[in-house]
1. To the nearest 0.05, what FRET efficiency results for residue 108 and residue 221 with a Förster distance of 25 Å applied to their C-beta separation?
2. Do any cysteines of the chain lack a neighbour Cys whose Cβ is under 4.7 Å away, and which are they?
3. Where does the Debye-calculated log10 I(q)/I(0) of segment 150-271 sit at q = 0.10, 0.15, 0.18 Å⁻¹, using only Cα point scatterers of equal weight, no solvent?
4. For the chain, what number results from the quotient of the Cα radius of gyration and 2.2 N^0.38 Å?
5. Can you pull the one-decimal nm distance between simple spin-label points at residue 279 and residue 230, each 7 Å off the Cα toward Cβ?
6. Roughly how large, in nm² to one decimal, is the mean projection of the convex hull of the alpha-carbon atoms in segment 123-214?
7. Could you line up 155, 289 from fewest to most neighbouring Cβ atoms inside 10 Å?
Amino acid sequence: MRSFRGSKLLTALAAVTLGTAVSLTAAAPAQAVSGIIVTIGWSALTGSESTKTANAICPAGKFVLGGGADIVGGGNEVRLTAMIPAAPGLPTHSYYAAAMEDGSYAADWTLYTWAICGNPIAGWEVRSNYAAVVPGNSYVHSLAFCTGNKKVVGTGGAVVGGYRFKLIYIIPGGADHITVSTGVAPDENVNATYGAWSYAICADPIGQQVVWAESVSSSINKGLSVACPAGTKVHGTGAKAGSGPGGGSPVVGQLHLNRIGLFGAGALAGVDVAAHEDQTGYAGNWTTTVYAICAP
């Protein structure tokens, strides 16, 4: 386990749209998760390797609630390709991330990942779903569902297909807050088979809510943050580069997610994201959106 190192704050855009989902309710809501902390892991490789991975491990007796990831030094040519809770072959209560170069990046870079950990929570489980691209579509959308009366606490998503593909959104959503959707898109002018995994960390209701912020529409790289309401802490994260479920600007092959991170006291005050255009750029306007799953 590595303790929290600190989280850089991204420069927020001057104007954003803020929103909040209705808080979850239940006849007998479960008690809030206690003992929440954040741990951090980083890639052993820090040169210009084509792929890097990192895994943040919760201390013994803690459950993983959610997580985040950050590429440091990747410019516009390294993109997030996986954020996975309880990844196969790794400790159950850990959060794994992967990132890949686009094939032409020569500088050094490092990948970091965070695990949000708490004391045992009733009904905890990780649900996943895979979807393959439909021929002719510009991206693939995968949806993971919580079962029974369980609600989403944390999120994850992953690319299948290699370095020419990237995560474009991981979104906690659904009218009842029981789904996580993941979007994967290819670089421009790529015609190949690929897919998306979506992961939902589910548990009995704990009074969680989703808050979000959307950037202004422009044709530049974007950094954006959203804070949890007073009296709540971050449990899970999400982000969108370009559009996805719910509309927004068009999904384009030149966009990717560079960071879905944490900020504030103990790295539990909110979520910040970075979305980049690739090295060829994109002439059109686009937006990015940040999501935080917050609970007492």
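1. 0.80
2. There are none, since every cysteine in the chain has another cysteine Cβ under 4.7 Å of its own.
3. The Cα Debye sum returns log10 ratios of -0.33, -0.73, -1.02.
4. Ratio of Cα Rg to 2.2 N^0.38 Å: 0.91.
5. Using points 7 Å along Cα→Cβ, the separation is 4.9 nm.
6. Its Cα hull, projected and averaged over all orientations, spans 6.6 nm².
7. 289, 155
Where a number appears in this text, it was derived from the coordinates with a stated rule and is not lab data. Please read these numbers as outputs of a predicted model, since none were measured by experiment. Every residue, glycine among them, receives a Cβ derived from its backbone with ideal geometry; neighbour counts consider all protein chains shown.
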